[in-house]
Amino acid sequence: MRPLIRPARHGDGAALARIDFATWSPLHAVTERPKAPADPFFDGHRDPREHLVAEEAGELLGYAVVRRPVPLPAFAHVRQIQGLAVREEARGRGVARALLRACVAGARAQDARRLTLRVLGHNAPARALYASEGFRVEGVLPSEVFVGGTYVDDVLMGMAL
């Protein structure tokens, strides 16, 4: 069964906070390990209008965040994926790919001309997924991020829409 991809709603916040907490890993996170799920999930930094969720049988499996990377008119044509998380038990079922494709479709629907993302250099599974969906490496910031006790590259990927 394919998950339903839909815009997030305020009522999804508690489930998304649990997903965010459960999926934290130094493989992709640049923040400290949270002590508990964020409450509230949708705050001044997070807006449900910028989130897509994957839902199956009424249960949230994952989410993606797509927003303008810079709030200036010169960047109005760019959208950036700034988060993608899938619950462990839903991995390997195409949920991340479905979310990623919905991000592309949503950016196109907003008349964006580019979609970009940043991924840690050691996150080979994510980099492979992004590449398989048409994202290309556009830059590498060597040893830009200190995470998990080591310095890792910040890889910039993008695609023309």
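Taken over segment 47-72, the residue count meeting the criterion of being over 18 Å from Ala85 (Cβ atoms), of a type outside the set (D, E, K, R) and either crowded, with 19+ Cβ neighbours inside 10 Å or in contact with a Phe, Trp or Tyr (Cβ under 8 Å, 6 or more places away or on another chain) (or both) is 1. Close Cβ contacts (under 6 Å, 6 or more residues apart or on different chains) running from residues in segment 112-128 that are more than 16 Å from Val152 (Cβ to Cβ) and of a type in the set (Val, Ile, Thr) to residues that are assigned to a strand (DSSP E or B) and open to solvent by 10 Å² or more (accessible area, probe 1.4 Å) comprise Thr116/Gln80.
Pairs meeting the criteria (first residue in segment 20-38 and closer than 23 Å to Glu144 by Cβ and in contact (Cβ under 8 Å) with a residue 60 or more places away in the chain, second residue assigned to a loop (DSSP other than H, G, I, E, B) and β-branched (Val, Ile, Thr), beta carbons under 8 Å, at least 6 apart or on different chains) are lacking. List the number of the failed condition for Thr116; all other conditions in (1) modelled with pLDDT under 95; (2) touching a Gly at 6+ places or on another chain (Cβ under 8 Å); (3) under 25 Å from Tyr151 (Cα atoms) hold. Of everything listed in (1) modelled with pLDDT under 95; (2) touching a Gly at 6+ places or on another chain (Cβ under 8 Å); (3) under 25 Å from Tyr151 (Cα atoms), Thr116 misses just condition (1).
Results for (1) more than 23 Å from Arg127 (Cβ to Cβ); (2) among the acidic types (Asp, Glu); (3) out of contact with any His (no Cβ under 8 Å at 6 or more places or on another chain), shown as yes or no for each residue.
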{"residue": "Arg33", "(1), (2), (3)": "no, no, yes"}
{"residue": "Ala38", "(1), (2), (3)": "yes, no, yes"}
{"residue": "Phe42", "(1), (2), (3)": "yes, no, no"}
{"residue": "Ala57", "(1), (2), (3)": "yes, no, yes"}
{"residue": "Pro73", "(1), (2), (3)": "yes, no, yes"}
{"residue": "Gln82", "(1), (2), (3)": "no, no, yes"}
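Among the residues making up segment 89-118, a single one is surrounded by fewer than 19 Cβ atoms within 10 Å (Cβ to Cβ) and touching a helix residue (DSSP H, G or I) at 6+ places or on another chain (Cβ under 7 Å): Arg97.
Of all the listed residues (Val155, Val145), the sole one being aliphatic (A, V, I, L, M), modelled with pLDDT under 95, part of a strand (DSSP E or B) and in contact with a strand residue (DSSP E or B) (Cβ under 7 Å, 6 or more places away or on another chain) is Val145.
Among the listed residues Ala36, Ala22, Ala8, identify the single one that is among the small types (Gly, Ala, Ser), more than 15 Å from Arg87 (Cα to Cα) and surrounded by fewer than 16 Cβ atoms within 10 Å (Cβ to Cβ). The conditions single out Ala36.
The values are calculated or read from the model by the stated rules, or taken from the named source; none is laboratory data. Remember, predicted model here, so these are calculated numbers, not experimental data. For neighbour counting, all protein chains shown are included, and Cβ atoms are generated from backbone atoms with ideal geometry for every residue, glycine included. Protein only, heavy atoms only, side chains kept; ligands, DNA and RNA dropped before computing areas. Shrake-Rupley method; radii C 1.70, N 1.55, O 1.52, S 1.80 Å.
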